[in-house]
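A.B. asks: First, the structure itself, so that you have it in front of you.
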Amino acid sequence: MKIKQLLPALAALFSFSIVALSAQYIGLLFPAFTVPFWLWLILLTSSLESAYYATYYLNRRTPILVRFIELGLWLLPVYFLCGRVIESFLWPGFLVLISWLIARGYGSQLAFMERVADYLGDQGASTVSWEYESLASTDYHDLPIKYFWSRLYACGILIALLAIAFHNRGGSLKVAEAFHLTVLGSVALVSGLALQAGAYLFRLQILWGYAQADVSPSLTRRWIKGVATLLLLVLFVVNVAPVNYWPLTAQRISAIARGLLIKGPRVSMPPMTSQDGSPQFEGEQDLLFPEEVAPGPWGIILALSIFFVFAGLAFLILFVLGFIVVHLVGAEVERLKGLPKLAVQIYSGLQRALCQLFHAMRNARTRLQVRGNIPDSNAFAENVVKRPARRRAAAPENVRIMLRRIAQEAGKKGLVFHPALTPSEYGRMLMDHLPEASRVVDGFFAGYHKVRYSNQEVSISEQENLLEIGADIITKIENLRGDESHGKVGGT
Amino acid sequence: MAKLAVHKVAEFGAKVAGNIAKVMVGKEISVKMLLVALLSDGHVLLEDVPGVGKTMLARSLATSLGGSFSRIQCTPDLLPSDITGLSIYNQKHEDFVFRQGPIMAQVVLVDEINRATPRTQSSLLEAMGEGQVTVDGRTHALGKPFLVMATQNPVEFEGTFPLPEAQLDRFFLMLQLGYPSMEEESEILLRLQGRHPIADLKAVSDPAEVVAMQQIVTEVFVEESVRKYVVRLVRSTRGQSQVHLGASPRGSLALLRAAQAHAALDNRDYVTPDDVKMMATSVLGHRLTLKAESALRGITAPSIMAELLRQVDVGAESKDGA
């Protein structure tokens, strides 16, 4: 199923529900503007026709006369149903016109989205690149998605204003009216959000088509399923959950903070009128302003806690956003800008920090194991002689452990085995400080390379030789201790 | 396990390098890098100021290897068909016949590649990437070995067309020869007083031997920690703050293969992290696209690579090499 087939229906449903909901509220505010029930059917069908016609057939060459005829076909039945009285026709006719126009706008934008892709030509890669550029840039006002968002915001604000106006007026609702409002509101919310989500998918489908990307055919189905689940959740929260489900409001927080930080007398405002009702002016009673006092320690702690909680929440949100962005855009992460880039940086930083912590813990464990395995060089040499069977089983590993032991001993002298150094580079560093043992060191590292990086078996005698050489190097490093006080071993 | 005949690769390298040394004074490292590219079945971009011996190095290698050699002198009016070849109408047979272009050789010297237009440069893409050319809908396979050595002058900008990233990525490695030392320059003057030594240079190998050496190189053992080091190094270029676009996975493959070839030339049948470090700048440097501000600050790809090599964990003695 193509999302394009579904989007005009969603657009029509949204246009219809917004216009019908506004008409309901206006009818409640001004009873003269109450609309008849049959008008809803015409609003819905005219929106559907307008959206589908604009999406599939309308183009710039369509004569204006055709559009007038199309609109006239919807207004004419309204006129007749209104009893051919022009005063009764004006308001319902206006609503049909508005609904039809909103749906037409959406339909045109859906058609435009495909044409935008046409302008980009058949360069799939550059199309995708353009897409990322457009996502990263703030200057994308001409994109249809922006149009969809602005319409959603505008309609939401309109309905909110009408609802607030009705609420402030203190009007009461009958059960049927409340039901109509709930149904229309829910349809508007669901269709608006679904339309927005669908528009994104539609745009991606266009880009995938041009990029000839191999996209799973079940993606649209899964997308619809995901959006439907989310919308059901939103619908549940909006209609079933209590309105004041979040105990922390800005007002409440500021009141708590004010109470904690400023322990002063309350502001007492003098009455603006005297007892006899005449206006009271200056000089009669002074205003009392609070005296600012230093905040208490608990107040500061609480304020800091609130700050950290909010900072932590923001950090967590950015981390999650970073995770999503990294997994969505993959290798194109470097092209991000602004908030997505910040989110990705936070995500990567935290991930790196955790990795380093994990590495440090693992290295510490390895060091402990090494200490356990090789008590000292002399004992190690004894092992070579006394426990041949055990030695043979773990011999290649022992050569590696020997290097760690050498690095450990040399590290105490400031010759640190930096992780970015290769074994031979480290070997050269040791040779610089142990010139008399340079041949031994060189031999050890040559053998180590073979043990560590080659796939050929190293003979037991060769391994024994390496371990002995390693023990010898450790002894030589330990002997450097006498020279340490003279500053012969420099840190590297 | 049968012992790999890497000594043959080392002997081959010494033989060819010795032959080139008859013409080129110094430049042992550059010659080795060139051999690494040849043994890895890659292509080389020689970038440096005029007169340091880029073309001479390419010619001497081509001569040393034997096989067919062709040279393309790039100019702004060079057409793709001048490189790939074209079909011309043969009136005698009343049919179109394909006339091969200079790309149909085993060693191709593309001199001053950045003087050709992007369209012409792009005609090399298929040949370098896939070892074939398609003309008039027909695909012609190129011979083996196939080595493109391109030279470019980074100083001049007028009348030049910088190579696009896609084209740069096709080059296995980029070399900069640099000026010779005083002793070397003196030796050059001495050698070139009379007849140019390249005129007497003889082939010391043949294409079949090169192909055999290439096969041996692919079998050089790479331990897991070294492979992970290659990946870490390449990935670090992608997150570098001064880099706009890091090296691609093709870069990882190239670095690994280069390390294998380097190890084989050193008569080793296994790769060490030193091989990777040695090849990293030449293989990855030209694959980095620097940010404009980095370029303005005079930061170069080799300096970034040097910094990364100082930072990236080799994984030598961590427990699993990760």
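A.B. asks: Can you go through B:292, B:263, B:280 and tell me which one is away from every other protein chain (no Cβ under 13 Å) and either free of Cβ contacts under 8 Å to residues at least 12 places away in the same chain or at negative phi (or both)?
C.D. replies: Sole residue among the options that is away from every other protein chain (no Cβ under 13 Å) and either free of Cβ contacts under 8 Å to residues at least 12 places away in the same chain or at negative phi (or both): B:292.
A.B. asks: For residue B:189, all conditions in the list (1) open to solvent by 70 Å² or more (accessible area, probe 1.4 Å); (2) at pLDDT 90 or above hold save one; what is the number of the exception?
C.D. replies: (2)
A.B. asks: Could you list, in sequence order, the residues of segment A:446-480 that are polar (S, T, N, Q), assigned to a helix (DSSP H, G or I) and open to solvent by less than 60 Å² (accessible area, probe 1.4 Å)?
C.D. replies: At the first step, the residues of segment A:446-480 found to be polar (S, T, N, Q) are A:454-456, A:459, A:461, A:463, A:465, A:475, A:479.
From what is left, the residues that are assigned to a helix (DSSP H, G or I) are A:461, A:463, A:465, A:475, A:479.
Listed by number, the residues that qualify are A:463, A:475.
A.B. asks: List every residue pair whose Cβ atoms lie under 6 Å apart, where the two residues are 6 or more positions apart in sequence or sit on different chains, the first residue falls within segment B:129-152 and is free of Cβ contacts under 8 Å to residues at least 12 places away in the same chain and closer than 18 Å to residue B:72 by Cβ, and the second residue, located anywhere, is among the polar types (S, T, N, Q) and open to solvent by 70 Å² or more (accessible area, probe 1.4 Å).
C.D. replies: That search, which allows pairs on different chains as well, returns B:132/B:139.
A.B. asks: Follow-up. I need the full set of residues from segment B:128-159 which are in a loop (DSSP other than H, G, I, E, B) and over 19 Å from residue B:106 (Cα atoms), in order please.
C.D. replies: Let us first name the residues in segment B:128-159 that are in a loop (DSSP other than H, G, I, E, B), namely B:131, B:136-137, B:142-146, B:153-159.
If the condition is that a residue be in a loop (DSSP other than H, G, I, E, B) and over 19 Å from residue B:106 (Cα atoms), then B:136, B:137, B:153, B:154, B:155, B:156, B:157, B:158, B:159 are the ones that fit.
A.B. asks: So, one more: Which fully enclosed helices (runs of 4 or more DSSP H) of segment A:290-392 have 3 or more residues being touching a strand residue (DSSP E or B) at 6+ places or on another chain (Cβ under 8 Å) and at pLDDT below 80?
C.D. replies: On the way: elements: A:297-329, A:338-373, A:377-386.
Correct list: empty, since no element meets the threshold.
A.B. asks: Moving on to the next point. Residues that are open to solvent by 60 Å² or more (accessible area, probe 1.4 Å): list the helices (runs of 4 or more DSSP H) wholly contained in segment B:211-322 that include at least 3 such residues.
C.D. replies: Working: elements: B:224-238, B:249-265, B:273-284, B:292-296, B:301-311.
In segment B:211-322, B:224-238, B:249-265, B:292-296, B:301-311 are the helices (runs of 4 or more DSSP H) which contain 3 or more residues that are open to solvent by 60 Å² or more (accessible area, probe 1.4 Å).
A.B. asks: Here's another thing I want to ask about it. Looking only at segment A:402-426, which residues are touching an Asp or Glu at 6+ places or on another chain (Cβ under 9 Å), facing another protein chain (nearest Cβ under 10 Å) and either part of a helix (DSSP H, G or I) or open to solvent by less than 10 Å² (accessible area, probe 1.4 Å) (or both)?
C.D. replies: A:403, A:404, A:407, A:420, A:422, A:423, A:424, A:425
A.B. asks: Let me ask another. Can you tell me how many residues in segment B:63-98 are open to solvent by 70 Å² or more (accessible area, probe 1.4 Å) and of a type in the set (S, T, N, Q)?
C.D. replies: Residues in segment B:63-98 being open to solvent by 70 Å² or more (accessible area, probe 1.4 Å) and of a type in the set (S, T, N, Q): 2 in total.
A.B. asks: How many residues are part of a loop (DSSP other than H, G, I, E, B) and buried (at least 24 other Cβ atoms within 10 Å of the Cβ) if we restrict to segment B:28-58? Can you show your working first?
C.D. replies: Filtering segment B:28-58 for residues part of a loop (DSSP other than H, G, I, E, B) gives B:40-43, B:48-53.
Still in the list and also buried (at least 24 other Cβ atoms within 10 Å of the Cβ): B:40.
Residues flagged as part of a loop (DSSP other than H, G, I, E, B) and buried (at least 24 other Cβ atoms within 10 Å of the Cβ) within segment B:28-58 amount to 1.
A.B. asks: Considering each residue of segment A:436-456, count those that are within 14 Å of chain B (Cβ to nearest Cβ) and either aliphatic (A, V, I, L, M) or under 16 Å from residue B:223 (Cβ atoms) (or both), and give that number.
C.D. replies: Qualifying residue count, segment A:436-456: 12.
Matching residues to (1) under 30 Å from residue B:281 (Cβ atoms); (2) open to solvent by 30 Å² or more (accessible area, probe 1.4 Å); (3) touching a strand residue (DSSP E or B) at 6+ places or on another chain (Cβ under 7 Å); (4) not assigned by TED's automatic domain parsing to the domain that holds residue B:57:
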{"position": "B:100", "(1), (2), (3), (4)": "no, yes, yes, no"}
{"position": "B:111", "(1), (2), (3), (4)": "yes, no, yes, no"}
{"position": "B:133", "(1), (2), (3), (4)": "no, no, yes, no"}
{"position": "B:144", "(1), (2), (3), (4)": "yes, yes, no, no"}
{"position": "B:159", "(1), (2), (3), (4)": "yes, yes, no, no"}
{"position": "B:170", "(1), (2), (3), (4)": "yes, yes, no, no"}
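A.B. asks: Further question: Of the conditions (1) exposed (fewer than 12 other Cβ atoms within 10 Å of the Cβ); (2) closer than 26 Å to residue A:6 by Cα; (3) of a type outside the set (S, T, N, Q), residue A:85 clears all except one; give me its number.
C.D. replies: Among (1) exposed (fewer than 12 other Cβ atoms within 10 Å of the Cβ); (2) closer than 26 Å to residue A:6 by Cα; (3) of a type outside the set (S, T, N, Q), the lone unmet condition for residue A:85 is (2).
A.B. asks: Is segment A:15-27 home to any residue that is out of contact with any Cys (no Cβ under 8 Å at 6 or more places or on another chain), at negative phi and without any contact (Cβ under 8 Å) to a residue 24 or more places away in the chain?
C.D. replies: So the first thing to find is which residues in segment A:15-27 are out of contact with any Cys (no Cβ under 8 Å at 6 or more places or on another chain), and the list is A:15-17, A:19-27.
When the remaining residues are screened for being at negative phi, the result is A:15-17, A:19-27.
Next cut, without any contact (Cβ under 8 Å) to a residue 24 or more places away in the chain only: A:27.
Looking through segment A:15-27, at least one residue is out of contact with any Cys (no Cβ under 8 Å at 6 or more places or on another chain), at negative phi and without any contact (Cβ under 8 Å) to a residue 24 or more places away in the chain.
A.B. asks: Look at residue B:158 and say whether it is more than 16 Å from the chain's Cα centre (by Cα) and among the acidic types (Asp, Glu).
C.D. replies: On the way: more than 16 Å from the chain's Cα centre (by Cα): yes; among the acidic types (Asp, Glu): yes.
Taking the combined requirement at face value, the residue satisfies it.
The values are calculated or read from the model by the stated rules, or taken from the named source; none is laboratory data. What you see is a predicted model, and the numbers here were worked out from it, not measured in a lab. Reconstructed Cβ throughout: ideal geometry from the backbone, glycine too, with neighbour counts over all protein chains shown. Quick note on the areas: whole protein, heavy atoms, side chains included, nothing else; ligands and nucleic acids left out. Shrake-Rupley method; radii C 1.70, N 1.55, O 1.52, S 1.80 Å.
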